[in-house]
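> Next up is a structure, given as C-alpha cells.
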Amino acid sequence: MTQRHEPARKPGTQEQPGLYGGKSSRRITVRDIAAAKRRGEKWPMLTAYDAMTASVFDQAGIPVMLVGDSMGNCHLGYDSTVPVTMEEMIMLSAAVVRGTQRALVIGDLPFGSYQEGATQALRNATRLLKEAGVGAVKLEGGERSADQIELLVQSGIPVMAHVGLTPQSVHAYGGHPVQGRGEEAVQQLLRDAKAVQDAGAFAVVLELVTAEVSAEVTRGLHIPTVGIGAGAECDAQVLVWTDMAGMTDWAGGRMPRFIKEYAQLRQNLGDAARAFAEDVVGGTYPGPEHSFTS
Ligand code: KIV
C-alpha cells in the first residue's frame with residue numbers, strides 16, 4: 001500500500017487543492033502553476049532521474065519534477081552537466097514520466113541542444129515531448145535564450161527558464177559564483193528575468209542569486225520564481241534530490257550552504273550494503289526463511 005502525504009488544509013480551501021500533496025486524478029499542468037502564483041502559494045520541486053525514485057516523490061505529493069541535466073553529476077558519473085546528451089535526457093525523462101502519475105515532469109535541454117538557435121531548440125524540445133512524454137522543458141539563459149523560448153511557447157511547448165548561475169556555462173564562469181552581486185549584475189539579472197517572462201516562459205529558476213535580488217525579481221514577475229540558493233522569497237524551491245536526501249558525497253565535506261539534508265541516505269545505504277555483505281561472508285544470509293524446500 002502506498003501512502004500519499006495529505007497536508008493539513010485551512011478551512012475553506014478544500015475546493016482548490018494546493019499543488020503540494022493535493023489529490024488529483026490528472027497531472028499538474030502549467031495552468032495549475034499559474035493559479036498557485038495567483039493564490040500566493042509556495043510549492044516544492046525536486047529533481048528525479050529514474051522511475052522508482054520519481055514514484056516515491058510522486059506519492060509524497062511533490063507536484064513538479066525536473067529531470068535536470070544535473071543527472072550528469074548525480075546519476076551518470078560525469079564531473080559537470082556539460083557532457084549530458086539528448087539520448088540520455090530522453091531515456092531518463094521517459095523513466096520519470098513512467099514512474100509518476102500526478103507530477104508535472106519537466107525535461108532539461110542539455111548543453112548543445114538549443115544554443116544554435118530557436119530551430120534547434122524546437123527540434124530537441126519536440127523530441128522530449130514526443131519520445132519521453134514530458135509536459136514541459138527547461139533551458140538556461142535569460143535575454144540570450146529569449147528567441148528559443150518564444151518559438152517553443154508559440155509551438156505549444158511550455159518552457160521553464162533558468163537564470164542566475166547557469167551550470168552549463170561552468171567553463172565560462174570557472175566555478176559556481178553567486179550571481180546578482182554588484183549593480184551591473186543586478187540589472188542584468190532583472191533584464192534576464194523580464195526577458196524570459198516576456199518570451200512566454202511559465203516559470204523561471206533563479207540559481208545562486210542573493211536573497212535580496214531574488215525577492216525583487218519575484219515581486220516584479222507574474223510568473224513564479226523557483227529558487228535554488230536564492231533565498232526564501234521565491235514562489236517555489238527546488239533541490240537536487242541526491243543533495244536533499246543526503247546521498248551526495250561532498251568532496252572534502254564542503255556542502256554548499258543553501259542545501260539542507262532531510263535524510264542520510266548515503267550513510268543508510270552504505271550501512272545496508274555492509275550488513276548484507278557481513279551476513280553473506282558470515283553465512284547468516286540466506287537463512288531458512290529465505291530458502292525454498294522441495
Ligand atoms: O539540472 C538541474 O538539476 C537544475 C536544477 C538545479 C534547477 O537545473
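> With each label point set 7 Å from Cα along the Cα-Cβ vector, what nm distance links ARG123 and VAL281?
Between ARG123 and VAL281, the label points sit 5.4 nm apart.
> DSSP loop (so not H, G, I, E, B), at most 15 other Cβ within 10 Å: list which GluC sites (Glu not before Pro) in segment 69-158 pass both filters. Walk me through the intermediate numbers first.
Details: sites: GLU87, GLU88, GLU116, GLU131, GLU140, GLU143, GLU150; in loops: GLU116.
When the GluC sites (Glu not before Pro) of segment 69-158 are filtered for loop state and at most 15 Cβ neighbours within 10 Å, GLU116 remain.
> Rounded, prolate or oblate for segment 30-244? Axes are the square roots of the Cα gyration tensor eigenvalues, ordered a ≥ b ≥ c, and the cut-off for rounded is a/c under 1.5.
Numbers: a/c = 1.32, a/b = 1.21, b/c = 1.09.
Rounded, because the longest to shortest axis ratio a/c is under 1.5.
> Looking at the chain as a GNM with Cα springs under 10 Å, which of GLY283, GLY253, GLY135 has the largest mean-square fluctuation?
Top of the fluctuation ranking is GLY283.
> Next question. Send over a whole-number figure in Å² for the accessible area per residue of the chain, probe 1.4 Å.
I get 51 Å² per residue for this part.
> Another question, then. Could you tell me the largest-minus-smallest coordinate of the C-alpha atoms of segment 128-237 on each of the three principal axes, in descending order and whole angstroms?
Here the Cα extents, ordered largest to smallest, are 41, 32, 23 Å.
> Pop out the carbon and sulfur fraction of the accessible area of the chain as a percent, whole number, probe 1.4 Å. Provide the component values of the computation, followed by the final result.
Numbers: 8220 of 15110 Å².
Carbon with sulfur: 54 percent of the solvent-accessible area.
> At 15 Å minimum axial length over the Cα atoms and a Kyte-Doolittle cut of 0.5, report the qualifying DSSP H helices in the chain, or say none.
Details: long enough: 86-98 (18 Å, 1.05); 183-199 (24 Å, -0.57); 265-282 (25 Å, -0.07).
Helices meeting the criterion: 86-98.
> For segment 108-216, run through the trypsin sites (Lys or Arg not before Pro) and keep only the ones in DSSP coil with at most 15 other Cβ atoms within 10 Å of their Cβ.
ARG181
The values are calculated or read from the model by the stated rules, or taken from the named source; none is laboratory data. Because the structure is a prediction, the values reported are computed rather than measured. Note that we place each Cβ from the backbone using ideal geometry, even for glycine, and neighbour counts take in every protein chain shown. Note: areas computed on protein heavy atoms with side chains; ligands, DNA, RNA excluded. Shrake-Rupley method; radii C 1.70, N 1.55, O 1.52, S 1.80 Å.
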